[in-house]
Amino acid sequence: MNSSLVRAVLALSMLPALILSCGQGNSVQVIEETRQLDRAPAPPTAVSSAERFGMRTPAAPAVAGSSALPFEWSVPEGWTEAPSSQMRLVNLVPGGDSRAECYLTVLPGSGGGVEANVNRWRNQMSLEPLSAEEFAALPKKPLLGEEAVYVEFDGVYKGMSGDQNQPDFKMVGLILGVRDSGVFVKMLGPKDLIDKELGRFHEFCESLKIKQAGTPAGSASEAHNHSEELALQWTAPEDWTKSPDRPMRAVTFTMGADGETECYVSVFPGDTGGLEANINRWAGQMGAATLDEAAIASLPKVSVLGEPAPLVEFSGHFTDTMNGTEIADGHLLGVVATHGGQSIFIKLVGPAAEVAAQKEKFIAFCESLRH
Amino acid sequence: MSKAIRILIDVLGSYGFACIIFIFMLILTFLGTIEQTSQGLFDVQRKYFESLFVVHWAFDVVPIPLPGVYLLLVLFCINLLIGGVVRMRKGKNTFGNLIVHLGMLLMILGGGIKYWFAVDGHMTLAENESSSEFESYFLWEITLTPAGGEGPAVQYIIPNEEFAYLSPDNAKTFTHPQLPFDLSIEGYQRNAQPLPVGPVIANSVRAVDGFFLQPQDLMKEAEQNVAGAYAVVRPKSGGDAQEAILWGFQQHPAAFAVDGATWLVDFHKKRWALPFAITLDKFTHELHPGTQMARMFMSDVTKTENGVEQAIKITMNEPLRHEGYTFYQASWQPADPQRGIPVRSTLAVVKDPADRIPLYSCIIVTLGLTVHFCLKLGKHLRREGKRLEAKRALA
């Protein structure tokens, strides 16, 4: 018995070595499996990689003021433009040197706030995060008519995924938080190159502007605006007051005694993270419980541009982490629609009583959108 | 029979060998259960239970080579056959044990048949949609299809097992006498996302048409991984090589022009054709009141085979069984009005030739245990009877 046991253990222990010694397979393989199709597929029309992966087709290199985007800008002397993408609405090559990059990104939602994003950039540069005091002391520079936080970091660039190691790099950027959106302008590359192009970076940032909206026509109860992407028009209630143009908004209205209640429309390219993510971003702003897919599917619908879009309501303490706005006992009405590859956000937020009084008008406003 | 073979048979059929196998199985079951909390069921199953050999890293530092459960089951099968059937003393007293051992062998055989021959996947349909194929949760395939032309065409298929073991650093070339090119699969990633390159990123990644494959962390639920790879087509006539990125969620195949013809290279979950079609007529689902938990969901379907239609109801506990395929009501996908996607029912589809073997095996084992119990009980009662008689006689 004992000798049998010993032999058994020895036999088992030899097996791994035997298995490991087997080859990994051939590097060239003949395909063996086939399938008969009744008919060959039709030759495809030319499809780019961006379209194959369901991303917005990169725009052709654009001159300043591309008609496809809500911005206009000037390309600094000596800089070249690269194809834009869903994440890089403006994509430039500083000094025409491919070692550097400069781009503009707009993301819906606060993404954790300006401070969190500054520290995210610092992490990419292998730097420790800033304290609250250090963050508050960061300089401000104008961007799109607002004050944006300006940063300038030297360090080892380790990339967005932490898989790079580029010493002696410099990152400069501006981060602007407006309601419901984050605007990021960033330039990155070898330190000596970025130092040389810093002046032109500031020129580019100063040249960035939101394209002019169409002027109102007709009665005060009817306000028209043209988003370059969708050429949106709408009919606003008479007691809504149109506010001055804001970055990343097609239109903004205020209402109520103090004008504290606000309704605005934003349009972004692509699906911006999807319906569930955006609805739950609003839930987070209101301190409300998030909704799962089934709950979102059962939400009431309003018709926006001829298609049903979910109408969501949240009550609670409204906090906008990007600009610090707070409304105790707040209420939010929101609609997320998609049309023509664009995501349309229509949001009304304010004190609960005022929002409740505006609900029917909000729904009528949403359904009045046309293009 | 030579002495060496006799010794080998002694070892393989010994009680001690069986004990060693059980100890290893216990260890592997424990390790696999612990690792499943972080790695997910699919990967742990492949690592511990479907392998001949596994290396467990104790404290992430010390490598411990162990036999895999697949190997242990093969050895146990041999052990049970030699020691539990062939060499077992045959008689009234061991008849029940023999039946139990045969039942256990049938169970292991059923497991082997399932492992080697079963396929499983899912079919997801919206109301009024039909399909005559189902696709895998985990396995991918690469297909090469000639585009254009009249009449039927031959599609070449590279199955999952031919490329899924590749790492990002190695490549494999596929060829066929009827293909005008060779296809190399390079830089394979189990979970990846194509991203546009920028001027800085272009210096350090492999870019094709302005995109590169960004590796992603593996998901614990293996079916959520979306694989990707670089495909390089090299014409046999000597033309320039062409490249494209293949990605599991690509919305269009990659197209290559070779010798004046267009070839489509697609990358998607492995599909199996069914000998019949299923049409979802109505999907019903109810939630427990006040919750988002499903109380019941059910699909009313029509099975169409050779022009004959049959209405069938599929619920969670009442699957459809036909032609060796079993359709279970597995889950459902909520509607996404923004994308024009309606509610969809997901049916799990399994084709398992050994579907009923576990049932038969359990019946046989139960029968064997019952026989053994009855025989032992009878023997005990007879012995007790004799003892009592002897006691009375003495008294």
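The values are calculated or read from the model by the stated rules, or taken from the named source; none is laboratory data. Worth saying up front: this structure is predicted, and the values here are computed from it rather than measured. Glycine also receives a Cβ, built like all others from the backbone with ideal geometry; neighbour counts cover every protein chain displayed. Accessible surface areas use protein heavy atoms only, side chains included; no ligands, DNA or RNA. Shrake-Rupley method; radii C 1.70, N 1.55, O 1.52, S 1.80 Å.
Would you call A:Thr338 touching an Asp or Glu at 6+ places or on another chain (Cβ under 9 Å), farther than 18 Å from A:Pro237 by Cα and open to solvent by less than 50 Å² (accessible area, probe 1.4 Å)?
Considered against the rule, which asks whether it is touching an Asp or Glu at 6+ places or on another chain (Cβ under 9 Å), farther than 18 Å from A:Pro237 by Cα and open to solvent by less than 50 Å² (accessible area, probe 1.4 Å), A:Thr338 comes out as yes.
The residues of segment B:247-286 that are of a type in the set (Val, Ile, Thr) and crowded, with 16+ Cβ neighbours inside 10 Å, listed by number, are B:Val258, B:Thr262, B:Val265, B:Ile278, B:Thr279.
Within the option set B:Ala390, B:Ala354, B:Ala348, being at pLDDT 90 or above, touching a helix residue (DSSP H, G or I) at 6+ places or on another chain (Cβ under 6 Å) and of a type outside the set (Lys, Arg) holds for one residue only, B:Ala354.
Checking the conditions here, which among B:Val44, B:Val100 is over 21 Å from the mean Cα position of the chain (by Cα) and more than 13 Å from chain A (Cβ to nearest Cβ)? Exactly one residue qualifies, and that residue is B:Val100. Between A:Leu311, A:Leu332, A:Leu275, the distinction of being more than 21 Å from A:Thr261 (Cβ to Cβ) and surrounded by 17 or more Cβ atoms within 10 Å (Cβ to Cβ) belongs to A:Leu275 only.
Would segment B:15-26 turn up any residue that is within 14 Å of chain A (Cβ to nearest Cβ), in contact with a strand residue (DSSP E or B) (Cβ under 8 Å, 6 or more places away or on another chain), part of a helix (DSSP H, G or I) and surrounded by 17 or more Cβ atoms within 10 Å (Cβ to Cβ)?
Yes, segment B:15-26 has at least one match.
For segment B:160-185, the set of residues classified as open to solvent by less than 20 Å² (accessible area, probe 1.4 Å), facing chain A (nearest Cβ under 7 Å) and not basic (Lys, Arg) consists of B:Phe174 only. Within segment A:335-343, does at least one residue satisfy the condition of being in the same structural domain as A:Val265 (by TED's automatic domain parsing), touching a helix residue (DSSP H, G or I) at 6+ places or on another chain (Cβ under 7 Å), free of Cβ contacts under 8 Å to residues at least 60 places away in the same chain and over 21 Å from B:Gln333 (Cβ atoms)? Yes - at least one qualifying residue is present in segment A:335-343.
Selection of segment B:223-239 for residues being more than 14 Å from B:Ser184 (Cβ to Cβ) and part of a loop (DSSP other than H, G, I, E, B) yields B:Asn225, B:Val226, B:Ala227, B:Ser237, B:Gly238, B:Gly239. Note on segment B:215-242: among residues that are over 30 Å from B:His176 (Cα atoms) and out of contact with any strand residue (DSSP E or B) (no Cβ under 7 Å at 6 or more places or on another chain), the one that is most open to solvent (accessible area, probe 1.4 Å) is B:Asp217.
Would a scan of segment B:117-129 turn up a residue that is part of a strand (DSSP E or B), more than 19 Å from B:Pro235 (Cβ to Cβ) and open to solvent by 50 Å² or more (accessible area, probe 1.4 Å)? For segment B:117-129, residues part of a strand (DSSP E or B), more than 19 Å from B:Pro235 (Cβ to Cβ) and open to solvent by 50 Å² or more (accessible area, probe 1.4 Å): present. In the set A:Ala283, A:Ala353, A:Ala295, A:Ala288, only one residue is away from chain B (no Cβ under 14 Å) and free of Cβ contacts under 8 Å to residues at least 24 places away in the same chain; that residue is A:Ala353. I'd like to know if segment B:349-369 contains one or more residues that are outside any helix (DSSP H, G or I) and open to solvent by 80 Å² or more (accessible area, probe 1.4 Å). Looking for residues that are outside any helix (DSSP H, G or I) and open to solvent by 80 Å² or more (accessible area, probe 1.4 Å), one finds at least one in segment B:349-369, hence yes.
Just one of the listed residues (B:Phe276, B:Phe256, B:Phe249) is closer than 25 Å to B:Phe134 by Cα, assigned to a strand (DSSP E or B) and either out of contact with any Leu (no Cβ under 9 Å at 6 or more places or on another chain) or aromatic (Phe, Trp, Tyr) (or both), and it is B:Phe276.
Among what's in segment A:71-94 and is assigned to a loop (DSSP other than H, G, I, E, B) and at pLDDT below 85, pick the residue that is nearest to the other protein chains (Cβ to nearest Cβ). By that ranking, first place goes to A:Ser85. Candidates in segment B:47-72 are the residues that are in a helix (DSSP H, G or I) and in contact with a helix residue (DSSP H, G or I) (Cβ under 6 Å, 6 or more places away or on another chain); of these, the one that is nearest to the other protein chains (Cβ to nearest Cβ) is B:Leu72.
With respect to the conditions (1) within 14 Å of chain B (Cβ to nearest Cβ); (2) at pLDDT below 90, A:Glu146 falls short on a single one, namely (1). Here is the figure for segment B:139-156: residues that are touching an Asp or Glu at 6+ places or on another chain (Cβ under 7 Å), buried (at least 18 other Cβ atoms within 10 Å of the Cβ) and either among the aromatic types (Phe, Trp, Tyr) or without any contact (Cβ under 8 Å) to a residue 40 or more places away in the chain (or both) total 0. Restricting attention to segment B:186-222, the residues that are at pLDDT below 80, at the interface with chain A (Cβ under 8 Å from one of its Cβ atoms) and part of a loop (DSSP other than H, G, I, E, B) total 5.
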